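Peer 1: Quick one: the structure is below, and I'll ask about it shortly.
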Amino acid sequence: MKKILALLLALVMIFGLVGCGGGDSEEGGNEVGEVAVFWYTFGDTYLSSVRAAMNAAFEAEGIVYQDYDANNSQTTQTEQIQTAITKGASVLVVNIVDASSDDATQAILDAANTAGIPVVFFNRSVSEEIVSACETAAYVGTDYTQAGHMQGKMIGEYLVANYEALDLNADGTISYVMFKGQEGNMEADARTQFGVEDADAVLAENGKPALAFYDAANTSKYLLDQNGAWSAAQGQEHMQTLLSKYSEDNGNMVELVIANNDDMALGAISALQAAGYNKEGAKYIPVFGVDATDAAKEKIADKSMTGTIKQDAEGMAQAVVDIAANFQAGVDKFEGIDEANMVGTWRVNIPYSAYTGE
């Protein structure tokens, strides 16, 4: 962490601290130079679909771009941003690694603004206060509470419709596990909270008890991806571990899997299938995710996964490209953006939708 902060401070010192909206626009400005796109990792399945859509949209617009993979390291991303600014990038498009750090967001904006380069943050949430203060910055993301609310409603309705069949422990309560993904991430926080709260609300309306986290000793009531990668590997590893102790034979089987993204859900399904569940003719543990990746849709189609919340990769990619093109053209950054998706003068929200394959 100290190394990251030192690099961020160095970045600010190199390019100076100035207010947003100023800077030298002739060197590395909006008239020439490629769009530099910084991804927190190329290993994220959902973001791979965003990247493919974004690259296609840039090419359709005739915009030269360069993708950078930070491999989940803010240190690496900071160095990449330094390189792109030095090369004279026209726009910085940033999927920030350390979404919980306002210092990282501010340092990127300070350095870019000094060089006269606008910034489009996307997908991983950044501070409204910081971005809204900068005329040459924007954020494209989602209403991160919406996915949790939609997932919770979907889960609650499914449980009510299938309650007796899903109560494998025959104790009148549904036992669940929650795969959070990453600590300090606003999307993860909201999905973890509302995915359970809203499911409980539907259950209560129908005279059913609230969900019970499978491990009473875990006061957090979630499991993290320790690497912050929201990965299938972590979902599978966690599920394998808990199935060794929590089972039908022991009378404490996990009866519901809630995951904050599809990759972790898919990992959990792999472990469940290895244990004999969620296969044709076998007992079924409902599994819910977020993103509606192609792999998740396939699992929903073959009935090994229950549902997911679609995060519109193409819509997010197109909005980013439109804003970057507007910055290059020197027009209003939100020109051509659907006003229904705009939040103030700093943000564009891409809507979610439920997906159950029906």
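Peer 1: For the stretch 164-172, check the following and say yes or no: at least one residue is more than 24 Å from the chain's Cα centre (by Cα) and buried (at least 21 other Cβ atoms within 10 Å of the Cβ). Lay out the reasoning, then the answer.
Peer 2: Here is the first cut: in the stretch 164-172, the ones more than 24 Å from the chain's Cα centre (by Cα) are 164-172.
From the residues that got through so far, the ones that are buried (at least 21 other Cβ atoms within 10 Å of the Cβ) too are none.
Taking every residue of the stretch 164-172 in turn, none turns out to be more than 24 Å from the chain's Cα centre (by Cα) and buried (at least 21 other Cβ atoms within 10 Å of the Cβ).
Peer 1: On to the next question. Mind checking which residues of the stretch 277-299 are farther than 12 Å from Ala232 by Cβ, surrounded by fewer than 23 Cβ atoms within 10 Å (Cβ to Cβ) and either of a type outside the set (D, E, K, R) or not assigned by TED's automatic domain parsing to the domain that holds Asp167 (or both)?
Peer 2: Tyr277, Gly281, Ala282, Tyr284, Pro286 - these are the residues of the stretch 277-299 that are farther than 12 Å from Ala232 by Cβ, surrounded by fewer than 23 Cβ atoms within 10 Å (Cβ to Cβ) and either of a type outside the set (D, E, K, R) or not assigned by TED's automatic domain parsing to the domain that holds Asp167 (or both).
Peer 1: Next question. Taking the options Glu339, Glu335, name whichever one is free of Cβ contacts under 8 Å to residues at least 40 places away in the same chain, over 21 Å from the mean Cα position of the chain (by Cα), over 21 Å from Ala60 (Cα atoms) and surrounded by fewer than 19 Cβ atoms within 10 Å (Cβ to Cβ). Walk me through it before giving the result.
Peer 2: Details: Glu335 fails: over 21 Å from Ala60 (Cα atoms).
The match here is Glu339.
Peer 1: If a residue has to be crowded, with 16+ Cβ neighbours inside 10 Å and either among the hydroxyl-bearing types (Ser, Thr, Tyr) or farther than 17 Å from Val91 by Cα (or both) to count, how many in the stretch 342-353 make the cut? Give the steps one after another, and end with the answer.
Peer 2: Looking only at the stretch 342-353, we keep the residues that are crowded, with 16+ Cβ neighbours inside 10 Å, and these are 346-350, 352.
After this cut, where a residue has to be either among the hydroxyl-bearing types (Ser, Thr, Tyr) or farther than 17 Å from Val91 by Cα (or both) as well, the list is 348-350, 352.
Here the count works out to 4.
Peer 1: OK, next. Can you say whether Gly22 is at pLDDT below 95, buried (at least 19 other Cβ atoms within 10 Å of the Cβ) and part of a loop (DSSP other than H, G, I, E, B), as far as the supplied structure shows? Talk me through it step by step, then tell me what you get.
Peer 2: On the way: at pLDDT below 95: yes; buried (at least 19 other Cβ atoms within 10 Å of the Cβ): no; part of a loop (DSSP other than H, G, I, E, B): yes.
No.
Peer 1: While we're here: Criterion first (surrounded by fewer than 24 Cβ atoms within 10 Å (Cβ to Cβ), over 16 Å from the mean Cα position of the chain (by Cα) and at pLDDT below 95) does Asp102 satisfy it? Don't jump to the end; show me each part of the working.
Peer 2: Values: surrounded by fewer than 24 Cβ atoms within 10 Å (Cβ to Cβ): yes; over 16 Å from the mean Cα position of the chain (by Cα): yes; at pLDDT below 95: yes.
Yes: the conditions hold for Asp102.
Peer 1: Consider Asp44 against the criteria (1) of a type outside the set (S, T, N, Q); (2) modelled with pLDDT of 95 or more; (3) touching a helix residue (DSSP H, G or I) at 6+ places or on another chain (Cβ under 9 Å): it satisfies all of them except one. Which criterion is unmet?
Peer 2: (2)
Peer 1: Could you check the stretch 194-225 and list, in sequence order, the residues that are within 25 Å of the chain's Cα centre (by Cα), assigned to a loop (DSSP other than H, G, I, E, B) and acidic (Asp, Glu)?
Peer 2: Hit for the stretch 194-225 is Asp225, nothing else.
Peer 1: Does Ala133 satisfy the condition of being within 30 Å of Ala107 (Cα to Cα), small (Gly, Ala, Ser) and in contact (Cβ under 8 Å) with a residue 60 or more places away in the chain? Can you show your working first?
Peer 2: Working: within 30 Å of Ala107 (Cα to Cα): yes; small (Gly, Ala, Ser): yes; in contact (Cβ under 8 Å) with a residue 60 or more places away in the chain: yes.
Against the criterion (within 30 Å of Ala107 (Cα to Cα), small (Gly, Ala, Ser) and in contact (Cβ under 8 Å) with a residue 60 or more places away in the chain), Ala133 qualifies.
Peer 1: Can you report the number of residues in the stretch 58-99 which are surrounded by fewer than 16 Cβ atoms within 10 Å (Cβ to Cβ) and of a type in the set (Ser, Thr, Tyr)?
Peer 2: Here the count works out to 2.
Peer 1: Same structure again: Say whether the condition of being more than 21 Å from Ala60 (Cα to Cα) and surrounded by fewer than 17 Cβ atoms within 10 Å (Cβ to Cβ) is met by at least one residue in the stretch 308-326.
Peer 2: Looking only at the stretch 308-326, we keep the residues that are more than 21 Å from Ala60 (Cα to Cα), and these are 308-311.
Filter once more, keeping what is surrounded by fewer than 17 Cβ atoms within 10 Å (Cβ to Cβ): none.
Checked against the condition, which is being more than 21 Å from Ala60 (Cα to Cα) and surrounded by fewer than 17 Cβ atoms within 10 Å (Cβ to Cβ), the stretch 308-326 yields no hits at all.
Peer 1: Would you say Leu266 is out of contact with any Leu (no Cβ under 7 Å at 6 or more places or on another chain), modelled with pLDDT of 95 or more, farther than 16 Å from Leu168 by Cβ and assigned to a helix (DSSP H, G or I)?
Peer 2: On the way: out of contact with any Leu (no Cβ under 7 Å at 6 or more places or on another chain): yes; modelled with pLDDT of 95 or more: yes; farther than 16 Å from Leu168 by Cβ: yes; assigned to a helix (DSSP H, G or I): yes.
For Leu266, the condition - out of contact with any Leu (no Cβ under 7 Å at 6 or more places or on another chain), modelled with pLDDT of 95 or more, farther than 16 Å from Leu168 by Cβ and assigned to a helix (DSSP H, G or I) - is met.
Peer 1: When the stretch 295-311 is examined, which residues are found to be of a type outside the set (Lys, Arg) and modelled with pLDDT of 95 or more? Break it down into steps so the answer makes sense when it comes.
Peer 2: Kept after step one, since they are of a type outside the set (Lys, Arg), are these residues of the stretch 295-311: 295-296, 298, 300-302, 304-309, 311.
Residues satisfying the conditions are Ala295, Ala296, Glu298, Ile300, Ala301, Asp302, Ser304, Met305, Thr306, Gly307, Thr308, Ile309.
The values are calculated or read from the model by the stated rules, or taken from the named source; none is laboratory data. These numbers were taken from a predicted model, which means no experiment stands behind them. Positions of Cβ are generated from backbone atoms using ideal geometry, with glycine treated the same way; all protein chains shown enter the neighbour counts.
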